[in-house]
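The structure appears right after this line, and notes come after that.
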Amino acid sequence: MERANENWIGSLKSDDRLKRDTAIADLHMLLLRGLHGAFKTNPCATPTIIEDAAQEALLRVTANLDSFRGESKFLTWAMKIAIRNVYSEMRRTGWKDISLDQASDVGKPLIENFADDSYSPEKLSRQAEIIEKLWQAINESLTEKQKTALLADFVANMPIEEIARKMGTNRNAVYKLLYDARHNLRKHLMSAEITFDDMTKAFS
Amino acid sequence: MELEYIKQILDSAYNIRPHEVGCDDCEEEMNEYADYVLEEKQLDKPLNLIKDHLELCRDCSEEFQSLLEALNSATGKK
Ligand SMILES: [Zn+2]
């Protein structure tokens, strides 16, 4: 049976110990069931990661009941916290041996020495031209930090949460850094007279 | 393969929006948006910016997809 939000909050805050413990046990069970379902095909989400994530979420939720504003179902709010814990841990362990420089270095030769012979010669030369301009834009319009984050994100597929951790900042700040990088690239490319249409045509 | 990276960088640059929300706002509103998606619930406020962010941010997007799957599993819908 699904509990309404008021029931969750009331029970979790209750002085009646049995009532409170039952609600905690219910929530724990639902979080575990949800996490097991969501990550069943992901080998990186080990049983330990999942159990720790559920446990931590349970602690955080019960300690922060007053910060729940009732804009969603209570379970949705709690599950969001648990999911975030799983990803945070998977990303941390998965990327712990790869530095930001290593990740961004992967991207450089890929963009510099690009060639794909499955395209016609005219298309290839147009692509090469755009890529050259893109590489120029990356080098001339981005700061070192923007460039590193961009290559680590797009080419090495490093999660921005990890980029943030390695830069000693938060995810929101990295998103903003990348936003500014994208903005600068666009401006540079537009001034090199490469339009969105040119780009789409060359790469379709 | 290499082409994919280049396309993605170009796409993200050209598709930049004048106003984009960051990961913090997305995280804040993600639960409300999940209920909306799962139950076609009415929204009290427009969450278009969250939808945009989910299209642009890989981290948030994978968390959101997993959230939907987890809720379906937990409530026995899947
Ligand atoms: Zn995000």
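With the convex hull built on the Cα atoms of the range A:119-204, state its orientation-averaged projected area in nm².
Values: hull surface 23.4 nm².
Taking a quarter of the hull surface, the average projection is 5.9 nm².
Could you calculate the FRET efficiency of B:Asn15 with A:Asp105 from 1/(1 + (r/R0)^6), where r is the beta carbon distance between them and R0 is 22 Å, rounded to 0.05? Kindly include the intermediate steps, with their values, before the conclusion.
On the way: r = 27 Å, r/R0 = 1.21.
Efficiency for this residue pair is about 0.25.
Could you name the lysines whose alpha carbon sits less than 19 Å from that of A:Lys133, not counting residues in the same chain fewer than 8 places away?
List returned: A:Lys108, A:Lys123, A:Lys147, A:Lys187, A:Lys201, B:Lys7.
Given a Förster distance of 22 angstrom, what is the FRET efficiency for A:Gln55 paired with A:Lys176, based on the Cβ-Cβ distance and rounded to 0.05? Kindly include the intermediate steps, with their values, before the conclusion.
On the way: r = 32 Å, r/R0 = 1.46.
The pair A:Gln55/A:Lys176 has a calculated efficiency of 0.10.
From the residues A:Met190, A:Val174, A:Ile131, which one has its Cα farthest along the dipole of the range A:115-191 in the positive direction, the dipole being from +1 and -1 charges on Cβ of Lys/Arg and Asp/Glu about the Cα centre?
With unit charges placed on the Cβ atoms, the residue in question is A:Val174.
Quick check: the angle from helix A:121-141's long axis to the longest principal axis of chain A, C-alpha only, nearest 10 degrees?
That helix lies at roughly 70 degrees to the long axis.
Tell me the accessible surface of A:Phe39 in square angstrom (1.4 angstrom probe, heavy atoms of protein chains only), to the nearest ten.
Counting only protein heavy atoms, A:Phe39 exposes about 10 Å² to solvent.
Can you give the angle from 0 to 90° between the axis of helix A:144-154 and the longest principal axis of chain A, with both taken from C-alpha atoms, to the nearest 10?
Tilt of helix A:144-154: around 70 degrees.
Within the range A:23-62, what residues put their amide N at less than 19 Å from the label point 7 Å along the Cα-to-Cβ vector of B:Gln65?
The answer is A:34-46.
Quick check on chain B: helices-only [θ] at 222 nm, where DSSP H runs of length 4 and up contribute -39,500 (n - 2.57) each and the sum goes over total residues. Nearest 500, please. Walk me through the intermediate numbers first.
Values: 4 runs with 56 residues, N = 78.
Result for chain B: -23000 deg cm²/dmol, rounded to the nearest 500.
Given B:Tyr5, B:Leu38, B:Ile50, which one lies farthest toward the positive end of the charge dipole of chain B, if we put +1 on the Cβ of every Lys and Arg and -1 on the Cβ of every Asp and Glu?
B:Leu38
Taking the Cα atoms only, what angle lies between the long axis of helix A:74-95 and the longest principal axis of chain A, rounded to 10 degrees?
The helix A:74-95 is inclined about 50 degrees to chain A.
At 222 nm, what value in deg cm²/dmol follows for chain A if DSSP H runs of at least 4 each add -39500 (n - 2.57) and the sum is divided by all its residues, to the nearest 500?
Working: 10 runs with 152 residues, N = 204.
Helix-only estimate at 222 nm: -24500 deg cm²/dmol.
DSSP loop trypsin sites (Lys or Arg not before Pro) in the range A:1-44 with at most 14 other Cβ atoms within 10 Å of their Cβ, which ones? Walk me through the numbers on the way to the answer.
Values: sites: A:Arg3, A:Lys13, A:Arg17, A:Lys19, A:Arg20, A:Arg33, A:Lys40; in loops: A:Arg3, A:Lys40.
Sites meeting the loop and neighbour criteria: A:Lys40.
Could you name the aspartates and glutamates whose alpha carbon sits less than 19 Å from that of A:Lys19, not counting residues in the same chain fewer than 8 places away?
A:Glu2, A:Glu6, A:Asp66
Rounded, prolate or oblate: which fits the protein assembly as shown, taking a ≥ b ≥ c as square roots of the Cα gyration tensor eigenvalues, rounded meaning a/c under 1.5, else prolate when a/b beats b/c? It would help to have the intermediate numbers written out before the result.
Details: a/c = 2.55, a/b = 2.20, b/c = 1.16.
Prolate, because a/c is 1.5 or more and a/b exceeds b/c.
As a test of the definition: with a 1.4 Å probe, what buried accessible area, both sides summed, do you compute for A against B, in Å² to the nearest 100? Walk me through the intermediate numbers first.
Working: alone 12760 and 6360 Å², together 14360 Å².
Buried: approximately 4800 Å² between B and A.
Just the accessible area per residue of the range B:2-75, please: how many Å² with a 1.4 Å probe?
Working: 3360 Å² over 74 residues.
Ligands and nucleic acids excluded, the result is 45 Å² per residue.
Could you size up the charge dipole of the protein assembly as shown around its Cα centre, putting +1 on the beta carbon of Lys and Arg and -1 on that of Asp and Glu, and report it in debye to the nearest 20? Spell out each step's value before the answer.
Numbers: 37 positive and 50 negative charges, 100 e Å.
Dipole about the Cα centre, nearest 20: 480 debye.
Going Cα to Cα from B:Lys51, which lysines come in below 21 Å? Please leave out same-chain ones fewer than 8 positions away.
Partners within reach: A:Lys73, A:Lys80, A:Lys176, B:Lys41.
Given axes a ≥ b ≥ c from the Cα gyration tensor, I'd like to know whether chain B is rounded (a/c under 1.5), prolate (a/b larger than b/c) or oblate.
Cα axes put chain B in the oblate bin.
Please compute the contact order of chain B in relative form: average sequence separation of alpha-carbon pairs under 8 Å and at least six residues apart, divided by the residue count, as a percent. Intermediate results must be reported in sequence, preceding the final value.
On the way: 35 pairs, mean separation 23.5, N = 78.
Relative CO of chain B lands at 30 percent.
Give, ordered by residue number, each residue of the range A:11-56 whose 1.4 Å probe accessible area is reduced by a minimum of 10 Å² on adding the remaining protein chains to the chain alone.
A:Leu30, A:Arg33, A:Gly34, A:Gly37, A:Ala38
Could you please state how large a percent of the accessible area of the protein assembly as shown is carbon and sulfur, counting protein chains only and using a 1.4 Å probe? It would help to have the intermediate numbers written out before the result.
On the way: 7080 of 14360 Å².
C and S atoms contribute 49 percent here.
Treat every Asp and Glu Cβ in chain B as -1 and every Lys and Arg Cβ as +1, leave all other atoms uncharged, and give the resulting dipole magnitude about the Cα centre to the nearest 20 debye. If you can, show how the numbers build up before the last one.
Details: 8 positive and 20 negative charges, 59 e Å.
In debye, rounded to 20, chain B gives about 280.
Take the Cα gyration tensor of the range A:1-99, multiply each eigenvalue by 5, square-root it, and list the three semi-axes largest first, rounded to whole angstrom. Write down the numbers at each step before the final one.
Values: eigenvalues 152, 35, 28 Å².
Gyration-tensor ellipsoid for the range A:1-99: 28, 13, 12 Å.
The values are calculated or read from the model by the stated rules, or taken from the named source; none is laboratory data. All values derive from a computational prediction rather than experimental measurement. Neighbour counts are summed over all protein chains in view; Cβ atoms, including those assigned to glycine, are modelled from backbone coordinates with ideal geometry. These area figures cover heavy atoms from the full protein model, side chains too; ligands, DNA and RNA do not enter into them. Shrake-Rupley method; radii C 1.70, N 1.55, O 1.52, S 1.80 Å.
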